[in-house]
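Here's the structure, in structure tokens; my notes come after.
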Amino acid sequence: MLIRDASEGDWAAVWPFMREIVAAGETFSWDRDIDEARARQRWFPAPPGRTVVAVDDGGNVVGTAVSGPNHEGPASHVATASFMVAPGHAGRGAGRALGRHVLDQAKADGFRAMQFNAVVETNTRAVALWRSLGMEIAATLPEAFNHPQHGYVGLHVMYQRF
């Protein structure tokens, strides 16, 4: 699995699975009907934000991550990140490779910690993955996410100090 900086040309491969994931409403706290322009703006932030893609052996983009400072000013030393893996490629290592890459890059960039602001508690695969990479649940906001099948469920704030 190759993890590399995303280019503008990667958007054509990212948008279809991003649209599917967001529309499902199970793991992302975005409007389920977000339009392409708004999604692209969010996923390709200006520096110091970074966007990367996971590319399989066949050269296909199968996942992506965006990262950068969680806040500005005196809280800018804590990074944040979001991840998406194409549903047909789940469980094949793209999420783990993206997670490791983003955590390592944040450390190399001088961030002191990583904070994930909204990990849906019913997304047990993601919670287990982030825990295996050293993230801890710092807090759970009860009923902060309206899941289409499970109703109101918690959102974990996950954290790792470097």
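The values are calculated or read from the model by the stated rules, or taken from the named source; none is laboratory data. Predicted, not measured: the structure shown is a model, and the values here were computed from it. With ideal geometry, Cβ positions are generated from the backbone for all residues, glycine too; neighbour counts draw on all protein chains shown. Please note that ligands, DNA and RNA were not included when accessible areas were found on the heavy atoms of the full protein model with its side chains. Shrake-Rupley method; radii C 1.70, N 1.55, O 1.52, S 1.80 Å.
Numbers below:
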| read-out | value |
| --- | --- |
| Every residue from the range 19-76 that is over 26 Å from ALA108 (Cβ atoms) and open to solvent by less than 20 Å² (accessible area, probe 1.4 Å) | VAL22, GLY25, ALA39 |
| Single unsatisfied condition, ALA113 versus (1) open to solvent by 40 Å² or more (accessible area, probe 1.4 Å); (2) over 13 Å from the mean Cα position of the chain (by Cα); (3) more than 19 Å from VAL85 (Cβ to Cβ) | (1) |
| Residues of the range 23-58 classified as over 23 Å from ALA90 (Cβ atoms) and polar (S, T, N, Q), total | 1 |
| Only one of GLY68, GLY91 that is in contact with a Pro (Cβ under 6 Å, 6 or more places away or on another chain), closer than 25 Å to GLU26 by Cβ and not basic (Lys, Arg) | GLY68 |
| Qualifying residue in the range 97-106 (condition: over 24 Å from ARG40 (Cα atoms), over 14 Å from the mean Cα position of the chain (by Cα) and loosely packed, with under 15 Cβ neighbours inside 10 Å) | yes |
| Test: residue in the range 1-22 that is of a type in the set (Gly, Ala, Ser), touching a helix residue (DSSP H, G or I) at 6+ places or on another chain (Cβ under 9 Å) and over 24 Å from VAL127 (Cβ atoms) | yes |
| Single residue of ALA81, ALA139, ALA90, ALA118 found to be open to solvent by 20 Å² or more (accessible area, probe 1.4 Å), in contact with a Phe, Trp or Tyr (Cβ under 8 Å, 6 or more places away or on another chain) and of a type in the set (A, V, I, L, M, F, W, C) | ALA118 |
| Residue satisfying all of: in the range 72-96; more than 19 Å from ARG4 (Cα to Cα) and under 16 Å from the mean Cα position of the chain (by Cα); modelled with the lowest pLDDT among these | GLY91 |
| Residue list for the range 142-158, restricted to those being in contact (Cβ under 8 Å) with a residue 40 or more places away in the chain and open to solvent by less than 70 Å² (accessible area, probe 1.4 Å) | PHE145, HIS147, PRO148, LEU155, HIS156, VAL157, MET158 |
| Top-ranked residue in the range 92-139 [being free of Cβ contacts under 8 Å to residues at least 24 places away in the same chain and hydrophobic (A, V, I, L, M, F, W, C); ranked as farthest from HIS77 (Cα to Cα)] | ALA128 |
| Qualifying positions in the range 121-136 - open to solvent by 70 Å² or more (accessible area, probe 1.4 Å), assigned to a helix (DSSP H, G or I) and under 13 Å from VAL157 (Cα atoms) | ARG131 |
| Tally of residues being in contact with a helix residue (DSSP H, G or I) (Cβ under 8 Å, 6 or more places away or on another chain) and closer than 19 Å to GLU20 by Cα across the range 53-81 | 9 |
